[in-house]
Structure formats: C-alpha cells, structure tokens
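**Q** There's a structure below that I have some questions on.
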Amino acid sequence: MELVRGPAKQEDRCPNGSPQELFAYFLERCKTNLHMVICFSPIGASLRNRIRDFPSIVNCTTIDWFSEWPPDALEAVAQKFLMEVEMDHEVRQNCVVMVQNFHTSTEVMKDKFFK
C-alpha cells in the first residue's frame, strides 16, 4: 500500500488514503497497464478448446495471424493499395519491393523466434 500511496495522491485519486481506496487504485492501474502476448498454434483442437473455455481470448484481444504469402500475392496487394497513393512509377515499384520485404522478413524472424 505504501508503494501505491504516493502515485495515488499525485493523481488525487485516494483523498482519504484508506486501504480500500488504495487497493482499488492499484487494481485500476494493473488493468490499464497489463498487456500480454500469448502464442497459440492454430493446428489441432487445442486452440478451439481454449477459445471455448476462455471466450475472452477472442472477444477482448487483437489477433495477428502470421502465415506465409507467395511473393506474387504480396506484390499484387501492394500494387493495389499503392495505386491510390500519388507517386512516381519508379517510387511505387520500390515501395512494392519494400512492402514485400516487410512481410518476408517477418516470416524469417518468426522462424528464428520459433527455433
């Protein structure tokens, strides 16, 4: 409680400094600042079972799926989205290569992280 009392008073959140107020302030700060990264494999029934047991995995999270894309698909998507941006053709082509590099380097780092 003593570690929380100073920040709580600075924010004028616990005027009386009672244990209940300090604990409520502590819980609020934990909820605000807690971030987690959880990695699941989508293969098999384990992810499905966890989602069934803990629905907030889907309802209260941001899910990033990382799977490989073929180079031609990356190029097509980059071309489509960059067509709306006003730029020279040469600059656009270089940006397409850069976008492809972002995705392929993510795949390389994913494999490195897995190992």
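**Q** Distance in nm between label sites at ASP72 and PHE23, each 7 Å beyond Cα in the beta-carbon direction?
**A** Distance between the two pseudo-spin positions: 6.4 nm.
**Q** Quick one: which residues, 5 or more positions from GLY17 or on another chain, have an amide H under 5 Å from its amide H? H modelled 1.01 Å from N in the peptide plane, none for Pro or chain starts.
**A** none
**Q** Here's something else I'd like to know. Kindly state, to the nearest 0.05, the FRET efficiency for GLU11 paired with LYS31, given R0 = 22 Å and r defined as their beta-carbon distance. Provide the component values of the computation, followed by the final result.
**A** Values: r = 15 Å, r/R0 = 0.69.
Computed FRET efficiency for GLU11 and LYS31 comes out at 0.90.
**Q** Along each of its three principal axes, how wide is the spread of alpha-carbon positions in region 2-59, in whole angstrom units, largest first?
**A** Sorted from largest, the Cα extents of region 2-59 read 53, 17, 17 Å.
**Q** I'm spelling it out carefully: the read-out is Rg/Rh (Cα atoms, Kirkwood Rh), the candidates are (1) 0.94; (2) 1.22; (3) 1.01, and one was derived from this structure. Which label?
**A** (2)
**Q** Here is a follow-up. Expected output is a single nm value to one decimal: the length gained when fully extending between ASP53 and CYS95, i.e. 0.36 nm times separation in residues minus the C-alpha distance. What is it? All intermediate terms of the calculation are to be shown ahead of the outcome.
**A** On the way: separation 42, 0.36 × 42 = 15.12 nm, distance 4.32 nm.
Between ASP53 and CYS95, full extension yields 10.8 nm more.
**Q** Taking LYS112 as the anchor, which aspartates and glutamates have their alpha carbon closer than 15 Å to its alpha carbon, excluding any fewer than eight residues away along the same chain?
**A** GLU68
**Q** Starting from the 7 Å offset along Cα-to-Cβ, what nm value, one decimal, do you get for the label separation of PHE102 and ILE63?
**A** It works out to 2.3 nm between the two label points.
**Q** How big is the dipole moment of the chain about its Cα centre under a simple scheme where the beta carbon of each Lys and Arg is +1, that of each Asp and Glu is -1, and everything else is neutral? Debye, nearest 20, please.
**A** Numbers: 13 positive and 16 negative charges, 146 e Å.
The calculated dipole for the chain is roughly 700 debye.
**Q** Would you work out which of LEU27, ILE63, HIS89 lies farthest towards the positive end of the dipole of region 1-101, given +1 charges on the beta-carbon of Lys and Arg and -1 on that of Asp and Glu, about the Cα centre?
**A** After comparing all options, I get LEU27.
**Q** Still on this structure, I have one more. Give the cross-link partners of LYS31 among the aspartates and glutamates, using a straight C-alpha distance below 13 Å as the criterion and excluding same-chain residues fewer than 8 apart.
**A** List returned: none.
**Q** Per residue Cα convex hull volume for region 71-114, in cubic angstrom?
**A** On the way: hull volume 2.8 nm³, N = 44.
In region 71-114, the Cα convex hull volume per residue is 63 Å³.
Bear in mind these aren't lab numbers, they're just calculated from the coordinates by the rules spelled out. Small disclaimer: the values here were computed from a predicted structure and weren't measured. Please note: Cβ atoms are built from the backbone with ideal geometry, for glycine as well, and neighbour counts cover all protein chains shown.
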